[in-house]
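These notes concern the structure reproduced below.
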Amino acid sequence: MKNIPLIVGISGASGVIYGVRLLEALRALKVPSHLVMSRSAEVTLALETSLKLSDVHALADAVYSPADIAAAPSSGSARYLGMIVAPCSIRSMSEIATGVTSSLLTRAADVTLKERRRLVLMVRETPLHTGHLRTMTTLSEMGAIIAPPVPAFYAAPATVDDLIDHTVGRVLDLFDLDSGRVRRWGAPDQPGRRRPGRRKPD
């Protein structure tokens, strides 16, 4: 399983650091990552971080232009574990839901769904109107997993990095990949052991 690549899509929504940290986690796990980063994501990277685009590309095992519709992730015959879009913009989510895709990022996600592979969308938007919610329902019915980057405060985070790492770790859990970044409820020396009988949070 570890030799099969995972596609990482980074859209232009706020929260580009989730995609970057995901690439770092996959590298540490020795799971190959194939990156598709939208042009809008490149702008967000410059606005939200001090990283250069080359820094992000260096974390991936393969990098594809979002305009390269002939790239491997656009074909179901290319073998992948699945795909994570981190973060996922509302536009990208909407394209994926309709199947009317305009870039390699959304095409790769559409292919992931049609091949019945795991697709995880870290939708980054709030508040959500009814159209957004209906689109999410449609995607869930099609087999996608909607996983907004919601912080887990029960893990007693001390820094923003702790929040990011926990969220990325929980997303990788969906692929049975243990990043070692998750403070697991009820585990020894972890939250949930301090007060026996305390209800596990959602």
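The values are calculated or read from the model by the stated rules, or taken from the named source; none is laboratory data. Quantities reported herein were computed from a predicted structural model and do not represent experimental measurements. Cβ: placed from backbone, ideal geometry, glycine included. Neighbour counts: every protein chain shown.
Of all residues in the range 135-145, those that are outside any helix (DSSP H, G or I) and in contact with a helix residue (DSSP H, G or I) (Cβ under 8 Å, 6 or more places away or on another chain) total 2.
Scanning the range 138-176 for residues that are in contact with a Gly (Cβ under 8 Å, 6 or more places away or on another chain) and loosely packed, with under 14 Cβ neighbours inside 10 Å returns no hits. Residue 114 meets the conditions (1) more than 18 Å from the chain's Cα centre (by Cα); (2) free of Cβ contacts under 8 Å to residues at least 24 places away in the same chain; (3) over 22 Å from residue 31 (Cα atoms) in every case but one. The failed one is (2). Among residues of the range 146-184 being among the aliphatic types (A, V, I, L, M) and part of a loop (DSSP other than H, G, I, E, B), the one that is nearest to residue 134 (Cα to Cα) is 147. For the range 135-169, give me each residue that is within 28 Å of residue 99 (Cβ to Cβ) and of a type in the set (Asp, Glu). Result: 141, single match.
The set of residues in the range 76-109 that are under 19 Å from residue 39 (Cβ atoms) and among the charged types (D, E, K, R) comprises 91, 95, 107. Pick from 21, 39: which is more than 21 Å from residue 160 (Cβ to Cβ), basic (Lys, Arg) and at pLDDT 95 or above? Being more than 21 Å from residue 160 (Cβ to Cβ), basic (Lys, Arg) and at pLDDT 95 or above holds for just one of 21, 39, which is 39. Here is the figure for the range 9-31: residues that are assigned to a helix (DSSP H, G or I) and of a type outside the set (Lys, Arg) total 12. Can you confirm whether residue 123 is of a type in the set (Val, Ile, Thr) and in contact with a strand residue (DSSP E or B) (Cβ under 7 Å, 6 or more places away or on another chain)? Yes, satisfied.
Pairing each residue of the range 147-173 that is polar (S, T, N, Q) with any residue that is surrounded by 14 or more Cβ atoms within 10 Å (Cβ to Cβ) and part of a helix (DSSP H, G or I), provided the two are 6+ apart or on different chains, yields C-beta distances under 7 Å for 167/18.
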